[in-house]
1. Over all directions, how big on average is the projection of the convex hull of the alpha-carbon atoms in region 53-122, in square nanometres?
2. In whole Hz, with x marking every Gly and Pro, tabulate ³J(HN,Hα) for region 91-103 from phi via Karplus 6.51 cos²θ - 1.76 cosθ + 1.60, θ = phi - 60°.
3. Rounded to the nearest 0.05, what FRET efficiency do Leu75 and Thr17 give with R0 = 25 Å and r taken as the Cβ-Cβ distance? Could you check?
4. Where q = 0.13, 0.14 Å⁻¹, what log10 of I(q)/I(0) comes from the Debye formula for the chain, counting one point per Cα?
5. Would you mind finding the longest exposed-site-free stretch of the chain, with exposed trypsin sites (Lys or Arg not before Pro) meaning DSSP loop and at most 16 other Cβ atoms within 10 Å?
6. In the chain, once you exclude exposed GluC sites (Glu not before Pro) (DSSP loop, at most 12 other Cβ within 10 angstrom), what's the longest stretch remaining?
7. Could you pull out every residue, at least 5 positions away or on a different chain, whose amide H is within less than 5 Å of the one on Phe93? Hs are placed 1.01 Å off N in the peptide plane, and Pro or chain starts have none.
8. Take the Cα gyration tensor of region 1-62, multiply each eigenvalue by 5, square-root it, and list the three semi-axes largest first, rounded to whole angstrom.
Amino acid sequence: MTTETKTLDESELANFTGSENWYRHWLRKSLYTDGVKFVAEQAGAYWLIDEVAINQTRPKVRAEEFQCWTLKVDLEKRKAVLTCDDGNGNVVFTKSIPYTDFPLAEIKFYYVDNTILLPSEY
């Protein structure tokens, strides 16, 4: 069995400035864009889309019309913290991720109008 190295280049993410396609999350309530799909495919991180979509069931999260989701990864220890804030730094949700092989030290998604998107796609 071979292990595939996951790669993701932050400069590639800036190329996503809109979305030609919208993808429906399996929970059926959330959509995501081409840029988010690219991140999930390149980094093997469909779990990250799941985290954003599933946590929309939390009243404090759902109450925010605009959400900024940030994954901060300790690349040496291979663990992370996922937070959701209101765009003004007021955190409404935090989750520790005990292990991840996500390749970037940090990534942000926005959640607006039931859609997960990259900041450059907003």
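Only the coordinates and a few stated rules stand behind these numbers; no lab work does. Here the structure is a predicted model, which is why all the values come from computation and not from measurement. Here the Cβ positions follow ideal geometry from the backbone for every residue, glycine too, while neighbour counts run over all protein chains shown.
1. Averaged projected area of region 53-122's Cα convex hull equals 4.8 nm².
2. With the stated coefficients, region 91-103 comes to 6, 10, 7, 9, 9, 7, 10, x, 8, 8, 10, 4, x Hz.
3. 0.35
4. -0.49, -0.57
5. The reported range is 30-76.
6. It runs 77-122.
7. Cys84
8. 23, 16, 11
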